[in-house]
1. Based on C-alpha coordinates, I'd like the Rg and Dmax of region 95-224, in Å.
2. Have a look at the DSSP beta bridges in the chain and tell me what percent are antiparallel, nearest 5.
3. Can you list the HN-Hα couplings for region 185-193, worked out from phi with the Karplus curve (6.51, -1.76, 1.60; θ = phi - 60°), rounded to whole Hz and with x for Gly and Pro?
4. Order 209-218, 160-169 from most to least packed using the mean count of other Cβ atoms within 10 Å.
5. Which value, to two decimals, describes the C-alpha radius of gyration of the chain once divided by 2.2 N^0.38 Å?
6. Could you work out [θ]222 nm for the chain from helices alone, using -39500 (n - 2.57) per DSSP H run of at least four and dividing by all its residues? Round to the nearest 500 deg cm²/dmol.
7. Tally Lys/Arg at +1 and Asp/Glu at -1 over every other residue whose Cβ is under 13 Å from the Cβ of Val211; what's the total?
8. At a 10 Å Cβ-Cβ cut-off, how would you order Tyr136, Tyr487, fewest neighbours first?
Amino acid sequence: MVPLKRRKVVSSGAGSAGSDDVTSPTRFPQVVLFLLERKMGASRRAFLSQLGGKNGFQVEELCSERVTHVICENNSGEEVRRWLESQVGSPAHLLDVSWFTESMRAGRPVEILDRHKLQEQQINEVEVEAFSTPSYACQRRTTLDNHNAVLTDALSLLAENAELSDEDGRGVAFRRAAAVLKSLPEPVTGLTQLRGLPCLGGHSLRVIKDVLENGASSEVEATKQSERFNALKVLTGIFGVGVKTAERWIRERIVGLQQLQDSEQTLNRAQQAGLRHYEDLNQPVTRAEADAVAAVVEEAVASVLPGARVTLIGGFRRGKLTGHDVDFLITHPEEGREAGLMPKVVSWLDSQGFLLYQKTSRNSYLEAEDGPGRPSSNMDRFERCFSVFKLPEEARRGAEEARRGAEETEPCSSSPAAVSQVKGEGLKPWRAVRVDLVVSPISQFAFALLGWTGSKLFERELRRWAGHEKAMSLSSHALYDNRQSRYLRASSEEEIFAHLGLEFIPPSERNA
Ligand code: UTP
Ligand code: MN
């Protein structure tokens, strides 16, 4: 427990708020109040003291033997009593602020009821036990077990809206606030628990308060109804369409897929594929589907460069059950052997009929505008392939059965493909899946693995930590120490965390 502040004891009425000239003369000589500042806060205490004085109560600035009523907010009886005994040893009434506010309303000291008395271990106290957490997401362990999904969903929606409105700063602020709540061990029940938590700005706190008090945030509800937000979501949901393009279309009154199809807009190859496979690509990819894609990619890599290694990265490496795409990192244990690997992998995949679309790039900075609208700070220079896979139903089903066998879970009858078939949307024997392939030389593998495992906020926070706290620059290629003017080598993620002076956080706990 935080030790209570000790105050000097005076036994006179000197300094009492009652002597202030805005106050009425003392009307209740038998009642002498003292308001405990701890947890109430100095400004609220000053306000309540003045209010008491105006209503003719004597309010002491310092605690003394004259005090008959000690008014507290969010303190337990036990802690206040211990403090009081060390101060004056007087058995004054230990009262909750509710007695004070009721007395103010009544204009006289109201009768002390049980509910006014401080509980020995105030029940409230357990509930309002404040959380505490380090301020960088990369210092925290964030599993997928989110106890505050209602709050984080609200904040994430506002983050998404900010990002779709080109207000990235605001977006990051909401993302950081959501990440703090995701890392808490229990559901938040009251605002007081959030005192002292990092990254919770006024705007985020207002949203949280709204949800806690009313079950929903008016701003979130309004955003969900907003035509612009919904149009931006639908249009940027097309693979290959970024915010800028979506905004231009909205200005031209194109707010939906049908309108886009009917319009004269020229679409690039990525956008054409995005529109053609819109429904599939907006259907979450399951873990079993990711396994099926992994088997195909492994076969492709093994046949063009035996000995090369394929690693599942992105959300699935963090243990997510679904994703918007499947990400792979490919390397070879001998430095240099990976050179030229991507075109070979791609042409193998293409020759086997697995690719509906692909775009391979050496330098992804050039892709910033055409790509799926990622911030350029996330871009790196790896050989990379954005693709849309054609995943045969057979392969998908096989992987699902294998996974089910391994997990011994109940059969699940409503996989996305099954659903679309039931709905009569054509019995197509495959589904489209977004797949990202990245090739890195073994010397950069650990950095690439760390950089591509995510979450995006975790990565952002790692880079912020490196820059602000360690004077280092971290990318998916390397770690540079600005003070020593040299690169710090690493062959595992653990070494990178150690260079950064951070405790190692495994992928499953990077879900910030
Ligand atoms: P994703 O966008 O695939 O996110 O990026 P995800 O965590 O896997 O989640 P879903 O389920 O697919 O939506 C994966 C990681 O790759 C990094 C991102 O920062 C993220 O950490 N990344 C992505 C880059 O470093 N550069 C890029 O150009 C894209
Ligand atoms: Mn992903």
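What follows is calculated from the coordinates using simple rules that are stated; it is not laboratory data. Predicted model, so just to flag it, every value in this text is computed and none were measured. When we count neighbours, we look across all protein chains shown, and the Cβ atoms used for this are built from the backbone with ideal geometry, even at glycine.
1. 18.3, 58
2. Details: 29 of 45 bridges.
Antiparallel: roughly 65 percent of the beta bridges in the chain.
3. With the stated coefficients, region 185-193 comes to x, 8, x, 7, 10, x, 4, 4, 5 Hz.
4. Values: 209-218: 14.5, 160-169: 16.1.
Most protected by this proxy first, the peptides run 160-169, 209-218.
5. Values: Rg = 30.4 Å, N = 512, 2.2 N^0.38 = 23.5 Å.
Scaled against compact globular proteins, the figure is 1.29.
6. That comes out to -12500 deg cm²/dmol.
7. Details: positive: Arg206, Lys209; negative: Asp153, Asp210, Glu213, Glu219, Glu221.
Cβ neighbours under 13 Å give a net charge of -3.
8. Numbers: Tyr136 21, Tyr487 13.
Exposure proxy ranking, most exposed first: Tyr487, Tyr136.
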